[in-house]
1. Please work out if Tyr125 is at pLDDT 85 or above, among the aromatic types (Phe, Trp, Tyr), surrounded by 13 or more Cβ atoms within 10 Å (Cβ to Cβ) and in contact with a Lys or Arg (Cβ under 8 Å, 6 or more places away or on another chain).
2. Given the structure, is Arg67 in contact with a helix residue (DSSP H, G or I) (Cβ under 7 Å, 6 or more places away or on another chain), among the basic types (Lys, Arg), modelled with pLDDT of 80 or more and surrounded by fewer than 19 Cβ atoms within 10 Å (Cβ to Cβ)?
3. Is at least one residue of segment 261-272 among the small types (Gly, Ala, Ser), part of a loop (DSSP other than H, G, I, E, B) and over 32 Å from the mean Cα position of the chain (by Cα)?
4. Among the residues in segment 284-293, are any of a type in the set (D, E, K, R), surrounded by fewer than 16 Cβ atoms within 10 Å (Cβ to Cβ) and outside any helix (DSSP H, G or I)?
Amino acid sequence: MKAYFTLAAATAMTLTSGVVFAQASTEQQSSQRDRVGAIFGALFGDRFGGASSIDAQWAAGQMPLTRQQSQFQTRVDTEVRSGRLDQATAARLRSDYAALVEIEAEYGADRRFNTQERAELADRYRALTETLAAGGYADNATAATAVVADGRAESGRRVDAAVTARRISRTQGTRLKADYLAAVQMEVGYLRDGVISESERDDLDSRLDALDVRLGDVSFSAPAITLRSRLDAIGRALPSSGLSGAAQTQLRVEHGDLARLEAAYAQLSPTADDRAYLDRRLTDLEARARVRR
C-alpha cells in the first residue's frame with residue numbers, strides 16, 4: 001500500500017511537472033509570437049503581424065521590404081544595444097535582409113508580384129523576423145557572417161585619420177570608402193547561401209589587403225625598383241601565399257595580363273597616366289598575392 005501511494009505521488013508530480021513545462025513552453029511561444037508581431041507591426045503598421053499589410057503592398061506593385069530596409073536595420077541595432085542580439089547574428093541578419101531586398105527588386109522589376117513570389121518573400125521575411133525576435137538563428141551558424149561589413153566603421157576611421165594626417169588626399173579617401181563598400185556588397189552576394197567558400201574568403205581578404213596598401217598604414221608590397229621586378233616578385237610570392245588554388249589561378253591570369261601590358265609599355269613611351277594605371281594595378285595585385293617586405 002505504501003509503495004502504491006509513493007508511486008501515485010510520483011506520477012502526480014510528473015504529470016504536474018509536465019503541465020508546468022507545457023504551460024511555460026506555451027507562454028514562451030506566445031511571447032515569441034508577440035515579439036514577431038510587434039516587429040512586423042512596427043515596420044508595416046499591422047498589429048496582427050503585418051502579413052496582410054505587406055501582402056497588399058506587393059499586390060499593389062510596391063516594394064515594402066526595400067522601403068523598410070533602414071527601419072529593419074535600426075531594429076537590429078536596437079536589439080544589439082539591448083544585449084538581446086550579438087554582433088555576429090546582427091551582421092548575418094543585415095546580410096540576409098539585403099539579399100531579400102535584391103530578390104524583391106528582381107521579382108518586382110515589372111511592378112507585379114505573382115502569388116508564388118509574394119508567398120516566398122513573406123516566408124523569407126517572417127523567418128528573418130522570427131530570428132530577430134528569438135535572438136539567433138536556429139542553426140546557430142554565425143561563423144559565415146559579414147566580416148567585411150563589420151569592419152566598415154573601423155576602416156572609415158582609418159581613412160579619416162589618413163586624410164587628416166595628409167597621408168592621402170580627400171579624393172583618395174572618398175574612393176577608398178567607396179571601394180570598401182563595394183567589398184561589403186561583394187560579401188553580401190557571397191553570403192546569399194549562408195556560407196562563404198575558401199576561394200570567396202580569399203577573394204575578400206585580398207581585396208581588403210589591397211585597400212590596406214592604398215591606405216598606407218600597413219606594410220604590404222615588396223620594394224620594387226622596376227615594373228618587371230615587381231611582376232617577378234608577385235610570381236615568386238604566389239606559391240607560398242597560402243591562397244587557394246582557384247585564387248592563385250585567378251591571380252596568375254591577371255599577372256599575365258599585366259606582364260603583357262608592361263611589355264607593350266616598354267616598347268612605347270607611356271604617359272604619366274599610363275604609368276599610374278599600371279602602378280595601381282600592380283599595387284592591387286601585390287596586396288592580393290600577399291607580397292610582403
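The values are calculated or read from the model by the stated rules, or taken from the named source; none is laboratory data. Remember, predicted model here, so these are calculated numbers, not experimental data. Glycine gets a Cβ as well: all are built from the backbone with ideal geometry, and neighbour counts include every protein chain shown.
1. On the way: at pLDDT 85 or above: yes; among the aromatic types (Phe, Trp, Tyr): yes; surrounded by 13 or more Cβ atoms within 10 Å (Cβ to Cβ): yes; in contact with a Lys or Arg (Cβ under 8 Å, 6 or more places away or on another chain): no.
For Tyr125, the condition - at pLDDT 85 or above, among the aromatic types (Phe, Trp, Tyr), surrounded by 13 or more Cβ atoms within 10 Å (Cβ to Cβ) and in contact with a Lys or Arg (Cβ under 8 Å, 6 or more places away or on another chain) - is not met.
2. Numbers: in contact with a helix residue (DSSP H, G or I) (Cβ under 7 Å, 6 or more places away or on another chain): no; among the basic types (Lys, Arg): yes; modelled with pLDDT of 80 or more: yes; surrounded by fewer than 19 Cβ atoms within 10 Å (Cβ to Cβ): yes.
No: the conditions fail for Arg67.
3. Our first condition is that a residue be among the small types (Gly, Ala, Ser); within segment 261-272, this holds for 263-264, 266, 269, 272.
When the remaining residues are screened for being part of a loop (DSSP other than H, G, I, E, B), the result is 269.
Now drop any that are not over 32 Å from the mean Cα position of the chain (by Cα), which leaves 269.
Taking every residue of segment 261-272 in turn, at least one turns out to be among the small types (Gly, Ala, Ser), part of a loop (DSSP other than H, G, I, E, B) and over 32 Å from the mean Cα position of the chain (by Cα).
4. Filtering segment 284-293 down to residues of a type in the set (D, E, K, R) leaves 284, 286, 288, 290, 292-293.
Now drop any that are not surrounded by fewer than 16 Cβ atoms within 10 Å (Cβ to Cβ), which leaves 292-293.
Now narrow it down to the ones that are outside any helix (DSSP H, G or I): 292-293.
The answer is yes; a qualifying residue exists.
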